[in-house]
């Protein structure tokens, strides 16, 4: 297994189209790193540069102590699982898993040992003679993973491997991959556009937008302290609410609505010179409350909102409403029976809110 | 390396084995850059053979020893020789594979294709990186989407970039040659693209092919005129909307913006370009202008 170091990596296509720029990341041995971001953000391109399937325009890539920019993909000791994975339909499971080893001229006995070992890990022992069409979706996905595991590589690269599965199977395979990683203890880089996958699987998340890293951190770090509006809005479902307002001496004024800013946060904003300026308030849906006890103790962040839509999700309900013309979503306990069009008292937990610069959209820090 | 070898061996060297004569009478090798070449057997001394084999690799037998069917197809597609066979041709299609990386193991590549498709294929290697496969047509042929998955599997096995053009069905030898020639020309026009797709069909390649035939100056004139004042953010927005087949809710979700914000941006796009992508002609224009942009 190995560390991976990426120093100032850049990918440029012709006519100055930059797909990835100034990408710096140290991945420790055995880490499960997830690259996440919207379509076209450069996450798959970065993965393919690590694999060697895309040339690196600038910068250095190290796997272990070796600079691998010019090392052929097959010599990088990596294994890949792709988004639109497929199995060879005319080969049985054993041969599907063995094919990559055959290509690398492994002996028959070594191939047998590795395939049987991987089949045991993945619970595929009794399916080795079956053709792919006789397998369920989950079993096929396990074979696709098996094809990578048999190589016993230094690094696993996975590009949206679950995106073609239905929602139920995706959740199941998510935990299977996590368990597999815990068992194999292999350095893994996993690409997804699904923030839930990123949050549930990663040791660290790399959030990307327009070819640039926005933030690197543990799932908890990026959820609790997003570096900018994009990260705040991307991580978390439903997304963080953003309300733009003008900061006064003690309050944030969102059009005609005034909310009291806690003194700890106000001190930072004051010191950074934001009084009298526009800033963005970010608040997660779960930090907007409808419980009477909370509202009673939060009189200065209370508002009366007309609920446009109340979506019952089971244990919780999503409330869609507006404050001073700006949309927001609250996530409240489903014990509250709330109807569409109902007027309701809500209160913001401003101790948990985030403030961002209105121009740069960066987090305002002490 | 091939230029140096040509210098040394002069007219004794050929680079394409186009017929049975060239297969039998030439000794075939490939350079470390995967370029094949043959040298007339009787002109080579033992010393030259030993020397050559230090630097280049003999081409494997599968590559050279062609079955009657392979020879017939090779002659038909590359030499224009009509087959003597009077037996009717099974409806088929031609798959053109191109390996874009060095160091591919052609024999195993062929085995992989065989296991992707079926065992009644005819393989014709044009050179060490171009494989032509004649596939008898099936009731449920493998779709372009399925090919996408299979090409990714090959990529992860071989660690190479490879692309395929899925040809159209034909029923006669004459049709096969006509289709092949046209499809090969279209396929060739994409091979120099940086952002090449893995799978092309006649239908999916049409917009790109159309643009490749257009004069760059004319294209830039039209694009610059229509997109004269447009903000870059709007281009990304329209691209996403077109990618989502004009589904505003889905596009807004993928762009992480509210549906109303998307509507606002689209109004701005129409204001700045005069294009209303809700109409088919304007959507086609926007699509083509953004495809090459």
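Before we move on, is residue B:238 closer than 18 Å to residue B:282 by Cα, more than 13 Å from the chain's Cα centre (by Cα) and surrounded by 15 or more Cβ atoms within 10 Å (Cβ to Cβ)? The answer is yes for residue B:238.
The one condition from (1) away from every other protein chain (no Cβ under 14 Å); (2) in contact (Cβ under 8 Å) with a residue 60 or more places away in the chain; (3) outside any helix (DSSP H, G or I) that residue B:180 does not meet is (3).
Which members of region A:300-335 meet the condition of being without any contact (Cβ under 8 Å) to a residue 24 or more places away in the chain and within 21 Å of residue A:257 (Cα to Cα)? Show your work before the answer.
Looking only at region A:300-335, we keep the residues that are without any contact (Cβ under 8 Å) to a residue 24 or more places away in the chain, and these are A:311-317, A:320, A:322, A:334-335.
Residues satisfying the conditions are A:320, A:322.
Evaluation of residue B:70 against the conditions (1) away from chain A (no Cβ under 14 Å); (2) assigned to a loop (DSSP other than H, G, I, E, B) shows that the sole unmet condition is (2). Here the strands (runs of 3 or more DSSP E) wholly within region A:201-291 that include at least 2 residues being within 29 Å of the chain's Cα centre (by Cα) and buried (at least 19 other Cβ atoms within 10 Å of the Cβ) are A:204-209, A:212-217, A:241-247, A:278-283. Residue count for region B:131-174, restricted to those that are farther than 30 Å from residue A:145 by Cβ, under 18 Å from the mean Cα position of the chain (by Cα) and at pLDDT below 90: 1.
Residues to consider are B:170, B:159, B:180, B:190; find the one that is surrounded by 15 or more Cβ atoms within 10 Å (Cβ to Cβ) and at positive phi. Break it down into steps so the answer makes sense when it comes.
Numbers: B:170 fails: at positive phi; B:180 fails: at positive phi; B:190 fails: at positive phi.
That would be B:159, the only listed residue that is surrounded by 15 or more Cβ atoms within 10 Å (Cβ to Cβ) and at positive phi.
At least 1 residues that are in contact (Cβ under 8 Å) with a residue 12 or more places away in the chain and within 14 Å of chain A (Cβ to nearest Cβ) in each: list the strands (runs of 3 or more DSSP E) lying fully within region B:79-158 that qualify. Let's see the steps before the verdict.
Working: elements: B:92-99, B:122-127, B:130-136.
Per the criteria, B:92-99, B:130-136.
Here residue A:59 meets the list (1) touching a helix residue (DSSP H, G or I) at 6+ places or on another chain (Cβ under 7 Å); (2) part of a strand (DSSP E or B) almost entirely, failing just condition (1). Scanning region B:197-239 for residues that are within 13 Å of chain A (Cβ to nearest Cβ), in a helix (DSSP H, G or I) and within 28 Å of residue B:150 (Cβ to Cβ) yields a count of 1. The residues of region B:275-284 that are farther than 17 Å from residue B:209 by Cβ and part of a helix (DSSP H, G or I), listed by number, are B:280, B:281, B:282, B:283.
Would you check which residues across region A:214-233 are in contact (Cβ under 8 Å) with a residue 60 or more places away in the chain and in contact with a strand residue (DSSP E or B) (Cβ under 6 Å, 6 or more places away or on another chain) and list them? Break it down stepwise before answering.
Taking region A:214-233 first, the residues in contact (Cβ under 8 Å) with a residue 60 or more places away in the chain are A:214, A:216, A:225-230, A:232.
Listed by number, the residues that qualify are A:214, A:216, A:227, A:228, A:229, A:230, A:232.
Condition check: within 13 Å of chain A (Cβ to nearest Cβ) and farther than 19 Å from residue A:48 by Cβ. Does residue B:193 satisfy that? So residue B:193 fails the test. Does residue B:192 fit the bill of being within 30 Å of residue B:128 (Cα to Cα), free of Cβ contacts under 8 Å to residues at least 12 places away in the same chain and in a helix (DSSP H, G or I)? Judged against the criteria, residue B:192 is not a match. Selection of region A:50-91 for residues being surrounded by fewer than 18 Cβ atoms within 10 Å (Cβ to Cβ) and at the interface with another protein chain (Cβ under 9 Å from one of its Cβ atoms) yields A:72, A:75, A:83, A:89, A:90. Checked against (1) on the phi < 0 side of the Ramachandran plot; (2) at pLDDT below 95; (3) not assigned by TED's automatic domain parsing to the domain that holds residue A:350, residue A:213 passes all but condition (2).
Working only within region A:73-85, note down all residues that are touching a residue at least 24 places away in the same chain (Cβ under 8 Å) and either out of contact with any helix residue (DSSP H, G or I) (no Cβ under 9 Å at 6 or more places or on another chain) or closer than 15 Å to residue B:162 by Cβ (or both). Give the steps one after another, and end with the answer.
The first filter runs over region A:73-85 and keeps only residues touching a residue at least 24 places away in the same chain (Cβ under 8 Å), leaving A:74, A:76-85.
Answer for region A:73-85, where residues must be touching a residue at least 24 places away in the same chain (Cβ under 8 Å) and either out of contact with any helix residue (DSSP H, G or I) (no Cβ under 9 Å at 6 or more places or on another chain) or closer than 15 Å to residue B:162 by Cβ (or both): A:74, A:77, A:80, A:82, A:84.
Of all the listed residues (A:47, A:53), the sole one being under 30 Å from residue A:142 (Cα atoms) and part of a helix (DSSP H, G or I) is A:47. For region A:92-107, indicate whether the set of residues that are within 11 Å of another protein chain (Cβ to nearest Cβ), at positive phi and surrounded by fewer than 17 Cβ atoms within 10 Å (Cβ to Cβ) is non-empty. Yes, the conditions are met somewhere in region A:92-107.
The values are calculated or read from the model by the stated rules, or taken from the named source; none is laboratory data. As the structure is a prediction and not an experimental result, all values here were calculated from the model. Every residue, glycine as well, gets a Cβ built from its backbone with ideal geometry; the counts of neighbours run over all protein chains shown.
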